[in-house]
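J.: Take a look at the following structure, please.
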Amino acid sequence: MNSMKGEVVLNIPAEKAWEMYRDNDIISKINPQMLAGAEYIQGDGSPGSLRVFKLGPAVSNYVKESTQKIEKVEMGQSVTYRVIGGELRGLYDPYKVTFSFVPVEGKENEMCIAEWKAEFEPLTPATPPPEKAKDAALGFLKWFDKFELRY
């Protein structure tokens, strides 16, 4: 299986970033140009739950919607999901993503590292790695800092 990852440093505690990521109302307001809405269509965010992300105009030329089945949750730290619907599912199978929020040592109450990691298998040899998905995810995570000031 192929994999890629990236990370950004956020000037908010990991606990706050975690809350923002898991709350559909908050995550939908962070940057509606990138993520227009999120909804748990089955379950409450625990393993087995289904969550739909409706992407905004800034990324909808690449992906309009993504249905995700949550596979693993480490409370306050990370969530892993498998994409089961949407455009990415037509390019990769499987396509699994883990979002992690790790406190920065010595600055636990101020900063965290937000990491995006994907494991994927392209459906055809011509399918490129999901660089656009990585860039969009990391770009979105950077907005957590700006939003937290208003939150």
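The values are calculated or read from the model by the stated rules, or taken from the named source; none is laboratory data. Just so it is clear, the model here is predicted, and its values are computed rather than measured. Here the Cβ is made from the backbone with ideal geometry for all residues, glycine too, and neighbour counts use every protein chain on show. SASA here: full protein model, heavy atoms, side chains in, ligands and nucleic acids out. Shrake-Rupley method; radii C 1.70, N 1.55, O 1.52, S 1.80 Å.
J.: Taking the criterion of being part of a strand (DSSP E or B) and touching a helix residue (DSSP H, G or I) at 6+ places or on another chain (Cβ under 6 Å), would at least one residue in the stretch 19-30 satisfy it? Before you say what the answer is, go through the steps one by one.
T.: Applying the first criterion (part of a strand (DSSP E or B)) to the stretch 19-30 yields none.
Within the stretch 19-30, not a single residue is part of a strand (DSSP E or B) and touching a helix residue (DSSP H, G or I) at 6+ places or on another chain (Cβ under 6 Å).
J.: Here's another thing I want to ask about it. When residues of the stretch 53-69 are filtered for being open to solvent by less than 40 Å² (accessible area, probe 1.4 Å) and either under 18 Å from residue 141 (Cβ atoms) or assigned to a loop (DSSP other than H, G, I, E, B) (or both), how many remain? Spell out how you get there, then give the answer.
T.: Of the residues in the stretch 53-69, the ones open to solvent by less than 40 Å² (accessible area, probe 1.4 Å) are 53, 56, 59-60, 63, 66-68.
Remaining after also requiring either under 18 Å from residue 141 (Cβ atoms) or assigned to a loop (DSSP other than H, G, I, E, B) (or both): 53, 56, 59-60, 63, 66, 68.
Going through the stretch 53-69 one residue at a time, the tally reaches 7.
J.: Determine which single condition residue 132 fails, assuming it passes every other condition in (1) touching a residue at least 40 places away in the same chain (Cβ under 8 Å); (2) in a loop (DSSP other than H, G, I, E, B).
T.: So the condition that residue 132 fails would be (2).
J.: Starting from the stretch 80-91, keep only residues that are assigned to a strand (DSSP E or B), then list their pairs with residues that are among the small types (Gly, Ala, Ser) whose Cβ atoms are within a distance under 6 Å, requiring at least 6 positions of separation or different chains.
T.: Sorted first by the residue in the stretch 80-91, then by its partner, the pairs are 83/66; 86/66.
J.: Can you name the residue in the stretch 128-151 that is open to solvent by less than 20 Å² (accessible area, probe 1.4 Å) and closer than 13 Å to residue 91 by Cβ and is also farthest from the chain's Cα centre (by Cα) among such residues?
T.: Here the residue is 130.
J.: Taking into account only those residues within the stretch 79-127 that are acidic (Asp, Glu) and under 20 Å from residue 9 (Cα atoms), which is least open to solvent (accessible area, probe 1.4 Å)?
T.: First pass over the stretch 79-127, keeping only residues acidic (Asp, Glu): 87, 93, 105, 108, 110, 115, 119, 121.
Subsequent filtering for residues that are under 20 Å from residue 9 (Cα atoms) retains 105, 108, 110, 115.
Working: 105: 170, 108: 89, 110: 105, 115: 43 Å².
Per the stated criteria, the residue is 115.
J.: Could you look through the stretch 14-52, keep only residues that are touching a residue at least 60 places away in the same chain (Cβ under 8 Å) and in contact with a Lys or Arg (Cβ under 9 Å, 6 or more places away or on another chain), and pick out the one that is most open to solvent (accessible area, probe 1.4 Å)? Can you show your working first?
T.: Within the stretch 14-52, the first condition is being touching a residue at least 60 places away in the same chain (Cβ under 8 Å), and the residues that meet it are 14-18, 20-21, 26, 29-31, 34-35.
Filter again for in contact with a Lys or Arg (Cβ under 9 Å, 6 or more places away or on another chain), leaving 29-31, 35.
Details: 29: 123, 30: 4, 31: 16, 35: 9 Å².
Only one residue tops the list, namely 29.
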